[in-house]
Structure formats: structure tokens, C-alpha cells
Amino acid sequence: MKKVIIYTQETCPPCHAEKLWFNENGIEYEERDIRKNDQYLQELIELGAAATPATIIQAENSEEVILGFDQAKLAQVLGV
């Protein structure tokens, strides 16, 4: 089972598009709003991301970081 974490902020249209895509494809995810929690902002910076959305997909022995709403890459990694 893969765990999906998406770093977002309210004023981010690509964030809304990615969450909609997750919902349409039945993908469960944890949303971390960087404007509501400074810890999430720090985590985003540590990922090397300069913008949202940033998505982490964790599997048993791997972790994939996808910057921006890269639908093709998300579909590939998630097997959609």
C-alpha cells in the first residue's frame, strides 16, 4: 500500500487540480497545508521544493517526490 502526502496551500490552483485528480481516481492522500502549519512548510523546504504542490509517494522500500502537478508521473508511480 502506498502512502500519498501532498503539500498544498489554499491559493494554489495546481494543488486543487491534483486533489481533484486524486479524488476522481480513488486515491487516498494526506494533505499538508503549508500556510496552516509551519512544520509542513519546513518539510517542504527540506524536500527541495520551492512551490506547491509537492507530493511524496511512500512505498514499503521507496519514496518518490514529485514536484508540481505532473499527472503522467503520478499515474505512472501510482499505477493509475
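Miscellaneous remarks
- When the Cα atoms of segment 26-68 are aligned to their principal axes, the ranges along those axes come out at 27, 23, 18 Å in descending order.
- Estimated 222 nm signal from helices in the chain, with DSSP H stretches of n ≥ 4 weighted -39500 (n - 2.57), rounded to 500: -10500 deg cm²/dmol
- Taken along its three principal axes, the alpha carbon spread of the chain comes to 31, 27, 17 Å, from the longest extent down to the shortest.
A short reminder: the numbers here are calculations on the coordinates, not readings from a lab. Here the structure is a predicted model, which is why all the values come from computation and not from measurement.
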